[in-house]
Amino acid sequence: MENLIALLVAAPLLGAAVLLCGGRRLDAVGHWIGTALASASFVIGAILFADMLGKDEEHRAVGQHLFSWIPVEGFQADIGFQLDQLSMTFVLLITGVGSLIHVYSIGYMEHDERRRRFFGYLNLFLAAMLLLVLADNYLLLYVGWEGVGLASYLLIGFWQHKPSAATAAKKAFLVNRVGDMGLSIAIMLMFTTFGTFAFGPVLEATGETGEGKLTAIGLMLLLAACGKSAQVPLQSWLGDAMEGPTPVSALIHAATMVTAGVYLIVRSGEIFNAAPDAQLVTTVVGAVTLLFGAIVGCAKDDIKKALAGSTMSQIGYMILAAGLGPIGYVFAIMHLVTHGFFKAGLFLGAGSVMHGMNDEVDMRKYGGLRKYMPVTFVTFGLGYLAIIGFPGLSGFFSKDKIIEAAFAKGGTEGWILGGVALLGAAITAFYMTRVMLMTFFGEERWRNQPTPSPAESDVEPAAEHRGTHAEPHPHESPKSMTIPMIVLAFGSVFAGGFFGIGDRFLHWLEPVTEHAHGHSPLSATTVTLSTMVVLVIGVGLAYLQYGRRPVPVVAPRGSLLTRAARRDLLQDDFNHVVLVRGGEHLTRSLVYVDHTLVDGVVNGTAASMGGLSGRLRKLQNGYARSYAVSMFGGAAILIAATLLMRAV
Amino acid sequence: MSATAVHSLWTTAADPIQKIDAPNIEYGQLSPTLIVIGAAVIGILVEAFVPRRSRYYAQIFVSVVALVAAFAAVVALAAGGYGTTKAGIAAMGAVAVDGPALFLQGTILLAGLLGVFTFAERRLDPVAHGNRVDSFAAQASSVPGSDSEKAAVKAGFTTTEVFPLLLFVIGGMLVFPAANDLLTLFIALEVFSLPLYLLCAVARRKRIMSQEAAVKYFLLGAFASAFTLFGIALLYGYAGSVSYATLAQVVDGTIETVNPALVGTMGNDALLLIGAAMIVMGLLFKVGAVPFHMWTPDVYQGAPTPVTGFMASATKVAAFGALLRLLYVVLPGLRWDWRPVMMGVAVVTMLGGAIVAITQTDIKRLLAYSSIAHAGFILAGVIATTPDGVSSVLFYLAAYSFVTIGAFSVVTLVRDAGGEATHLSKWAGLGRRSPLVAAVFAVFLLAFAGIPLTSGFAGKFAVFKAAAEGGAGALVVVGVISSAIAAFFYIRVIVLMFFSEPRPEGPTVAVPSPLTMTAIAVGVAVTLVLGVAPQYFLDLAGQAGVFVR
């Protein structure tokens, strides 16, 4: 049964190879091949899952050693897989949501000339992501980590004819490099500290290692997580990444890849447990990001960017939970899975709306769409209720646990983190209600709209590659798009309850991540009640703002905070001033030093050598007599020196 | 009349006649030298008795057969264990047959074989009066520019005597690194030097320059030989013997007296030190170490290029072999005296050669200074005074000789109306016009510069490693700096060949006969093989690295 693990990765990898190397003759069937292989991977995952459930808890983790990758004395790197409950959770999420999004893309990308290539990239992503979560050592994990980065880059820039998409892809790649650097440094530190990369030996040896080293490794891993999971301060790429096709945003930039950072931290739990400082920093990063993303989400008029802000914020919750240690790991992963369902559903809904609205993304030009797109409305609505934590739906169970665990951290930190998490829940309710109201309720603002000009707002003009900007005729999307949305809506509604009631998910994951029950200063009921209260406040405020009053088609100027939030809380301005300008100045000064000092020394040496050479050359005057004198002098010196050596 | 009576006619001494034991000569072990010298004598006879038309082919035949046979003899001796277990001293203590001797003899023979090929090249110069001509004067005795010279050219004369001369040179060189007493050393020195002076003088083109070079080489060589001979006399005065073994024992103090007649001078350290320094000086002259290097550029430039190529490689091999034997066999007890001095010589040689080469404008002079710098690098290995030092020097010499012959062979190909176009400016853009020739030359230059994957790197690495382990780390630092300086002018030639516009009146690249092609191809092949997979040859040199005493 273990031999199937490699097939999980191999199936989509084969798909990527066939689709990308196959050429035009596969154009007609490419999307079917891609979808079939992604589904095959899901089926294999399901078989392995059934097999795993059939075993008792101690024997559920299995491994498969493929071959020795770099067998050098003192440096052993293997290609090997490890499938335990944590990996299995990810495998099912990745292949499940991945297959659904493949199906959805068949309809969504129907008119795109490069659909085959798109499916090739999607398969490549699946293979890399599965490699990431199945690797049994950090070095192989790094391969998958870079692989998903590459796939993400290719897919964000898929519509490369748009300069904005090309730039966004480049930005995502560059920002991710910073995080990748962290991961590679962490791996090098691990190698020097433990002499191996394998999860087992590394994580077992944490007990005998100094806290300083573990803190360093933990912080580097956190940096890596920040890059991939778009956490402050490496968050700036995620909003721009929405330039990619919407299925990509749903799969990669909402459900799976951006959660790789959470996986990394939870997988390296032993390291963080032994490094409290790294844990503290992790919780701070999570808390800051969950507010940051939520605030950005409140101000965006672009539906996908609003959802991107939301993604950042929700991953902030997960990172926060992962930073809490054993009391939070399980909930981080649980929220990750439920978020995977409802956020993918929300993105697919947004894609469906765009599909029916001539690729318009500005919510100010939506309104009243519930009549025209009933399926999208219902599925999106269920996702909305799930994310704000409506009682009984998925988000309610997973987010509540995180807030509770944050309070359970204890002391002042616990109060602050818990408070932030609660505040985040209120803002989440606010901005999601705003999205919901602006899109599906209110007047039909899309009627008699002129073609939007790019200068009108901060919203990017919609993709020009399909259709023109005539007045849209909203309509429901085809079956291939609605069915995945319905399936995901089921997940959004029931996953949380299924996992949460009776602590089913906790028991499932506990053998891998361990779990400790936190002692919250507030009772579970109090936390739930407060969550309900802030939920009502958030929804209410949004209703007052966007439900009772008409939504202006052109965004009002807004307060200072709103304007800052529209500019992603000035993150790009900050990066530009500090990093770009700073980098330019650094480069210029280095060039100056290079030209004057380094070149000066080099050229000076060369010139002096040349001069010396010219002078010495004159000794070679062509007269045998002076040569003889030189020899005689040389012999005299030789003899004198020899005698001198004896005398000394 | 009885025999005794006859004898008494020309012996007036009153002493009873002493019986002279017939010397015991190990012909087998000396066969490489004997074959070559014998072939040289046959070559002279060929000059005397074979018709002029057939001499060229007869000489090539004799030379090639002799060199191949001698090389086979060397290989057979080495395979028979004479390089290792059966190493010994032959010819009544005059000649050593051991690892270093056989290794260097093999190298010299191969270099000599390639030398014969380049000597025999007749396709490069334009046909004169219906005769193909080589690099050598039609008639060496005719005055340059005279009517007799013109007549000789018209008659199609060639100086086929160069082949027996070359064989004499090789014969002397075979003995030189194997010489096991000072007199044999000196005789070998003269045997290979005198024909070499002659060879330098017989260039077909630029004859005045060639003759000037030969005269300079002869004068300075004689000057250096005088030092050597005086040094030998002083050492004899010190030890009462010219045998290496006895000398070494006296230097070590294991033997007190050898010759009662020399009681007055024996054990006088001043004699030892001055004598040793003078002999070493003679050898340093031959390897071209600073400050005894000044003949090198002039002679390299003036001599016919095939002679230069052969001389630059084989002379270094032979002279370094003799230097190694002298320092390692006779003077190891004195190493605390000579090491610092030799270090000084090595430093000025490396730096001097590299620095002066920067401003050279003639390719042959450039290669001459490059050879001076290389002499310095090899000295670094000599100074290591470890077994690794010996083997690294052996390897370096083998690698260097093939690169050198190959490089000078390429120089013979680039020609204009005045013969070889040796001025660097004429090499501009050669890479565009003749990419293959330029690429081959670039390989040799990279090997000179010691770039990895060429034999130059492996050799340089070996000697520097040996020097560092032998406690001469400072020398390695200087060596690396010199290599960096030297890399400049090697790369400059490559840049000139590949990245400059060709000159409109540029030289042409002659298409050589298979002879020169073979020499160049072997040079490239050895350079690359020794660069890519040096280990086998390093091991070979390592096995050959022990001197017999």
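Express the relative contact order of chain B as a whole percentage, based on alpha carbon pairs under 8 Å and six or more residues apart in sequence.
That works out to 16 percent.
Between A:ALA524 and B:ALA22, the modelled label-to-label distance comes to 11.7 nm, taking each label 7 Å out from Cα in the direction of the beta carbon.
For the interface of chains A and B, what total accessible area is buried with a 1.4 Å probe, rounded to the nearest 100 Å²? Please report the intermediate quantities before stating the final value.
On the way: alone 26840 and 21410 Å², together 45550 Å².
About 2700 Å² of accessible surface is lost on pairing.
Here's the picture: charge each Lys and Arg Cβ at +1 and each Asp and Glu Cβ at -1 in the protein assembly as shown, and of A:ALA50, A:TYR317, B:GLY156 the one pushed furthest to the positive end of that dipole is B:GLY156. Angle check, please: helix A:599-618 long axis (alpha carbons) against the longest principal axis of chain A (alpha carbons), in degrees 0 to 90, nearest 10. With both axes taken from Cα atoms, the answer is about 20 degrees. By the Cα gyration tensor, chain A has an equivalent ellipsoid whose semi-axes, rounded to whole angstrom, run 52, 32, 27 from largest to smallest. Relative to one another, the C-alpha centroids of region B:498-536 and region B:229-298 are positioned 42 Å apart. For chain A, relative contact order (Cα pairs under 8 Å, six or more residues apart, normalised by length) works out to 12 percent. Length gained on full extension, A:SER559 to A:LEU544, computed as 0.36 nm times the residue gap minus the Cα-Cα distance: 3.7 nm.
In this structure, B:HIS423 and A:GLU110 have a Cβ-Cβ separation that, at R0 = 56 Å, corresponds to a calculated FRET efficiency of about 0.20. Toward the positive end of the charge dipole of region A:66-150, with +1 on the Cβ of Lys and Arg and -1 on the Cβ of Asp and Glu, the farthest Cα among A:PHE125, A:THR89, A:LEU66 is that of A:PHE125.
Using every pair of separate Cα atoms, the Kirkwood estimate puts the hydrodynamic radius of region B:254-387 at 16.0 angstrom. Taking θ as phi - 60° and the Karplus parameters 6.51, -1.76 and 1.60, the scalar couplings of region A:123-137 work out to 5, 4, 4, 4, 4, 5, 5, 5, 4, 4, 7, 9, 4, 9, 8 Hz in sequence order, x denoting glycine and proline.
The loop-placed GluC sites (Glu not before Pro) in region A:75-174, going by DSSP, that have at most 14 neighbouring Cβ atoms within 10 Å of their Cβ come out as A:GLU110, A:GLU113. Between the Cα long axis of helix A:624-647 and the first principal axis of chain A there is an angle of about 80°, rounded to the nearest 10. Taking Cβ atoms as reference points and 14 Å as the exclusive limit, the residues near A:LYS213 contribute a net charge of -4, counting Lys and Arg as +1 and Asp and Glu as -1. In chain B, helical runs assigned H by DSSP with n ≥ 4 each contribute -39500 (n - 2.57); averaged across all residues and rounded to the nearest 500, the mean residue ellipticity at 222 nm is -23000 deg cm²/dmol. Peptide B:211-221 has a mean of 2 when you count, residue by residue, the C-beta atoms of other protein chains within 10 Å of its C-beta.
If only the Cβ of Lys and Arg carry +1 and only the Cβ of Asp and Glu carry -1, the dipole of chain B around its Cα centre is close to 1500 debye. The order of the peptides B:347-354, B:22-29 by mean Cβ neighbours within 10 Å, most packed first, is B:347-354, B:22-29. B:GLU505 to B:GLU190: FRET efficiency via 1/(1 + (r/R0)^6), r the Cβ-Cβ distance, R0 45 Å, to the nearest 0.05? Efficiency computed from Cβ-Cβ geometry: 0.50.
For region A:164-220, what percent of Cα pairs sit more than 14 Å apart? When every Cα pair of region A:164-220 is considered, 60 percent fall beyond 14 Å.
Ordered from highest to lowest accessible area with the whole protein assembly present and a 1.4 Å probe, A:GLU510, B:GLU505 read as B:GLU505, A:GLU510. Here B:LYS316 is the anchor, and the lysines within straight C-alpha reach of less than 16 Å, apart from those fewer than 8 places off in the same chain, are B:LYS286, B:LYS460. Residue separation of A:MET1 and A:ILE637 scaled by 0.36 nm, minus their Cα-Cα distance, works out to 220.6 nm of gained length.
Shielding by partners for peptide A:603-611, expressed as the average number of C-beta atoms from other protein chains within 10 Å of each residue's C-beta, is 2. A straight chain from B:LYS86 to B:LEU528 at 0.36 nm per residue would run longer than the Cα-Cα distance by 155.8 nm. Using a ≥ b ≥ c from the Cα gyration tensor of region A:1-91 (square roots of the eigenvalues), is it rounded, prolate or oblate, where a/c under 1.5 gives rounded and otherwise the larger of a/b and b/c decides, a/b for prolate? Because a/c hits 1.5 or more and a/b fails to exceed b/c, region A:1-91 counts as oblate. Sparsely packed loop sites in region B:303-361 (the trypsin sites (Lys or Arg not before Pro) outside DSSP H, G, I, E and B with at most 16 other Cβ atoms within 10 Å) do not occur.
The listed peptides A:526-532, A:308-314, ordered by packing as a protection proxy, come out as A:308-314, A:526-532 (highest mean of other Cβ atoms within 10 Å first). Expressed as a fraction of 2.2 N^0.38 Å, the C-alpha radius of gyration for region B:25-543 is 0.94.
Think of region B:25-543 as a dipole: +1 on every Lys or Arg Cβ, -1 on every Asp or Glu Cβ, centred on the Cα centre; then among B:VAL68, B:LEU379, B:GLY28, B:VAL68 lies furthest on the positive end.
In summary, region A:217-337 shows an alpha-carbon radius of gyration equal to 0.99 times the 2.2 N^0.38 Å reference for compact globular proteins.
With all pairs of separate Cα atoms included, region B:374-464 yields a Kirkwood hydrodynamic radius of 14.3 Å. Net charge dipole, region A:6-164: roughly 820 debye, given to the nearest 20, about the Cα centre with Cβ charges of +1 for Lys and Arg and -1 for Asp and Glu.
Between B:ARG205 and B:ASP252, the C-beta separation translates, for a Förster distance of 60 Å, into a calculated FRET efficiency of about 0.65. With a 10 Å cut-off around each Cβ of B:494-502, the average count of Cβ atoms from other chains is 0. Return one number: the angle in degrees, 0 to 90 and rounded to the nearest 10, between the long axis of the Cα atoms of helix B:514-532 and the longest principal axis of the Cα atoms of chain B. Once rounded, one gets 70 degrees.
Leaving out same-chain residues fewer than 8 places away, which lysines sit with a Cα under 26 Å from that of A:LYS304? Excluding near neighbours in sequence, the set is A:LYS162, A:LYS170, A:LYS171, A:LYS228, A:LYS343, A:LYS365, A:LYS371, A:LYS399, A:LYS479. Rolling a 1.4 Å probe over the protein heavy atoms gives region B:25-543 an accessible area of 33 Å² per residue. Please work out the Cα center distance from region A:1-76 to region B:62-121, rounded to the nearest Å. First find each Cα centre; the distance between them is then 65 Å. Normalised by 2.2 N^0.38 Å, where N counts its residues, the alpha-carbon radius of gyration of the protein assembly as shown equals 1.35.
The values are calculated or read from the model by the stated rules, or taken from the named source; none is laboratory data. For clarity, every value in this text was computed on a predicted model and none was experimentally measured. Positions of Cβ are backbone-derived with ideal geometry, glycine not excepted, and every protein chain shown enters the neighbour counts. Note: accessible area is taken over every heavy atom of the protein model, side chains too, but ligands, DNA and RNA are not part of it. Shrake-Rupley method; radii C 1.70, N 1.55, O 1.52, S 1.80 Å.
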